[in-house]
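The values are calculated or read from the model by the stated rules, or taken from the named source; none is laboratory data. The shown structure was predicted, so the numbers you read here are calculated from the model rather than taken from an experiment. Virtual Cβ from ideal backbone geometry, glycine too; neighbours counted across all protein chains shown. Surface areas here come from the heavy atoms of the whole protein model, side chains and all, with no ligands, DNA or RNA. Shrake-Rupley method; radii C 1.70, N 1.55, O 1.52, S 1.80 Å.
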Amino acid sequence: MIADGVEDEEKWLAAGIAGLQQNAFYMHRALDSNNLRDALKYSAQMLSELRTSRLSPHKYYELYMRAFDELRKLEMFFKEETRRGCSIVDLYELVQHAGNILPRLYLLCTVGSVYIKSKEAPAKDVLKDLVEMCRGIQHPVRGLFLRSYLAQVSRDKLPDIGSEYEGDADTVVDAVEFVLQNFTEMNKLWVRMQHQGPAREKEKREKERSELRDLVISVGKNLHVLSQIEGIDLDMYKETVLPRVLEQVVNCKDEIAQYYLMDCIIQVFPDEYHLQTLDVLLGAFPQLQPTVDIKTVLSRLMERLSNYAASSADVLPEFLQVEAFSKLNNAIGKVIEAQPDMPILGVITLYSSLLTFTLHVHPDRLDYADQVLVSYCLKLYNAYSHKGACVKKLSGKEKLEDKKATKQIVALLSAPLDKYNDIVTALKLSNYPRVMEYLDSETNKVMATVIIQSIMKNKTRISTADRVEALFELIKGLIKDLDDAFHDEVDEDDFKEEQNSVARLIQLLHSDDPEEMFKVLDWVKAFLFS
C-alpha cells in the first residue's frame, strides 16, 4: 500500500510538472512577443498546478521550485513592461483579475516586487497589502509556500534604515510589522498541519512538518530576516520583536514548533541581545509544552553565552550586571518544576551545562560553581522523592541506575578538574562529595580514577591533612567497599590497577612542614587500616 502511494505521488508530480512546463512554454512565447495578456493568462494557468493537494511537502517543493524559476523570468518581463511605459499601478490591478486565488496571489507578489522597486508607492503600503491579501490561502502547505515566496521577493525591499526604500521616521516599525505578521501567519499554518486528517496519520503529518522545517520555506526564515534588519536596535528587540515572537511561540502550544522556534531565536539573534533580555527569554521556557526538549535548547543558549563571554574581556562585566548566572539557575529550577516528568538525564544535562557556563564565564567564583552543585543535589533529591525512577536505595542513600545519567554526572564532576587543573581548587567545592554520593559503586570508582589521573597529570601536591582527608573521602571507593559494592565479579587486573593508582597518589602527599607531614601520614595510615 505504501509503495502504491509513493508511485501515485510520483505520477501526480510528473503530471503537475508536465502541465507547468506546457503553460510555461506558451508563457515564454507570449513574453518573447511582448504580449502581456497572454503572458498573464498562461502564467496563471501555470501557477494553477500549485493548487494540488495530492503531493507531500517534499514533492510539492519540487513543483514549487520549477514555478519559482518561471516567476523570476516573469518578474523580469514586468520590469521591462514598466520601462516601455506600462503603468505599474494598472499592472498591479490587472493581475488581480486572475480567476483562481492562488495564481492571483503569486502574480500579485511578483508584480508587487516590481511595484516596490518602482517607488511609485511607499514600500510599507505595498507590503501591508500583500501580507494581508495572502490570508486568502488557508490551506497549510499551499499557504506556507505562498508566504515563503512573499518573504523571498520582499526581503531586499524592506523599508529599513539605510535602504533605498526607507520612508518616514517609523519606517523600521513597518518593516518589522510586516515580517512579524508573515511569521505569525506561517507558524499558524505550520501548526495547523498537525491537526488535519485522521489521528492514525499523526506520524505521517509530523514527518511532513519536519520536511517543511528543513526546506528553505521554513517558518524560521522570517526570524532570520528580522535579525538582518539594521534598524532593530536593542530597545526595539526588547520591547517589540522578542515579546511578539515569544507570544506566538508560547500560544501555539505545539511541541515541534516551540522547540524549533526557540532554537531559531537563540541561533539567529545576537548574543548581546540574548544577554540583555535574559529575563524575557528565560521566562518563556517554563510555559512551553511539557514534551518540548528544553534541555537541548537551554544548553545551546548557555553555550552561546559562554562563547560570547570568551570573545572579549570587555563583555564580562555585562554578565555580572544582568546577573546572568542567577537568572539561568532560577530558570532551570522553574523548568524542572514545570516539567515533572523530565527524565533524570535531562535534569543532570541542564546543570552540567550551567556548570560549564559558570566555569567559563565566572572561573573565579567558586561559590557559583558550588551553588550549581547544591541546586543539582536538591533537584535530584526531589526527583527521587516524587518519581522513584532509575533509583535504588541502599543504607538510606539513593543511587542512580540510569547509565546515561551516571555518565553525565561523571562529566559534570570532571568539569572543575578540567577547568582548574587543580584538585585543591575542586576540594574547596563543599558540595562536590554530595554529588558523588549519587553514583553507584562502579561509577564512583570511575570518578575516583578520573580524580587521581588529574592529580598525576598536573603533579599536584597535597600538603595538608585536611585536604588529604577531603581527597580520600572522594576516592574511598577505590580503597574500601561501599554500601552497594558486590563481591561476586571482581576483575583482578582492574583491582590491581586501582590499587596502583592509590599507591602512586600517596607519593604526591607532601608537606615541607615535618609536623604537618606527620599528620598526613598518620591520617592516611589510620584510614587505610581502619
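Descriptive notes on the structure:
- Exposed-loop-free span, longest in the chain, where chymotrypsin sites (Phe, Trp or Tyr not before Pro) count as exposed if DSSP calls them loop and at most 13 other C-beta atoms lie within 10 Å: 1-485
- Coordinate range along principal axes, alpha carbons of segment 122-269, Å, largest first: 53, 29, 22
- Cβ-based net charge around Gln287, under 11 Å, with every Lys or Arg adding one and every Asp or Glu removing one: +1
- For Val446 and Val374, the FRET efficiency from 1/(1 + (r/R0)^6), where r spans their Cβ atoms and R0 equals 25 Å, is about 0.60.
- Debye-sum result for segment 262-352 in log10 I(q)/I(0), which assumes one identical scatterer on each alpha carbon, at q = 0.19 Å⁻¹: -0.86
- Pairwise FRET efficiency - Glu497 versus Asp466, Cβ, R0 = 41 Å, nearest 0.05: 0.90
- Extent along principal axes [Cα atoms of segment 266-319; Å; largest to smallest]: 38, 18, 17
- Segment Glu132-Arg84, length gained on full extension (0.36 nm per residue, minus Cα span): 14.3 nm
- In segment 1-118, lysine pairs with alpha-carbon atoms under 30 angstrom apart (chain gap of 8 or more, or interchain): 10
- For segment 49-185, the C-alpha radius of gyration divided by 2.2 N^0.38 Å, with N the number of residues, is 1.05.
- Straight Cα distances below 13 angstrom link Lys480 to the aspartates and glutamates Glu442, Glu498, with same-chain residues fewer than 8 positions distant left out.
- Accessible area per residue for the chain, computed on protein heavy atoms with a 1.4 Å probe, is 48 Å².
- Listed by chain and number, the lysines whose C-alpha is less than 17 Å from the C-alpha of Lys457, apart from same-chain residues fewer than 8 away, are Lys419.
- Solvent-free Debye scattering, log10 I(q)/I(0), computed from the Cα coordinates of the chain at q = 0.06, 0.07, 0.12 Å⁻¹: -0.45, -0.58, -1.09
- With Rh defined as the Kirkwood radius, the inverse of the mean 1/r over Cα pairs, the Rg/Rh of segment 293-333 is 1.00.
- Based on the Kirkwood approach, the hydrodynamic radius assigned to segment 423-529 is 14.4 Å, with every pair of different Cα atoms included.
- Across every pair of non-identical alpha carbons in segment 1-118, the mean reciprocal distance, once inverted, gives a Kirkwood radius of 14.9 Å.
- In order along segment 439-447, the Karplus-derived 3J(HN,Hα) couplings, from 6.51 cos²θ - 1.76 cosθ + 1.60 at θ = phi - 60°, round to 8, 6, 4, 5, 5, 4, 5, 4, 5 Hz, and Gly and Pro are given as x.
- Estimated from the Cβ-Cβ distance and a Förster radius of 35 angstrom, the FRET efficiency linking Ala411 and Glu255 is about 0.80.
- Taking 21 Å as the limit for the C-alpha separation, the pairs Lys221/Lys327; Lys295/Lys407; Lys157/Lys221; Lys188/Lys334; Lys496/Lys519 exceed it in the case of Lys221/Lys327; Lys188/Lys334; Lys496/Lys519.
- On the chain, 48 percent of the accessible area sits on carbon and sulfur atoms, based on a 1.4 Å probe.
- In this rough spin-label picture, where each label sits 7 Å from Cα along the Cβ direction, the Glu93-Ala121 distance is 1.1 nm.
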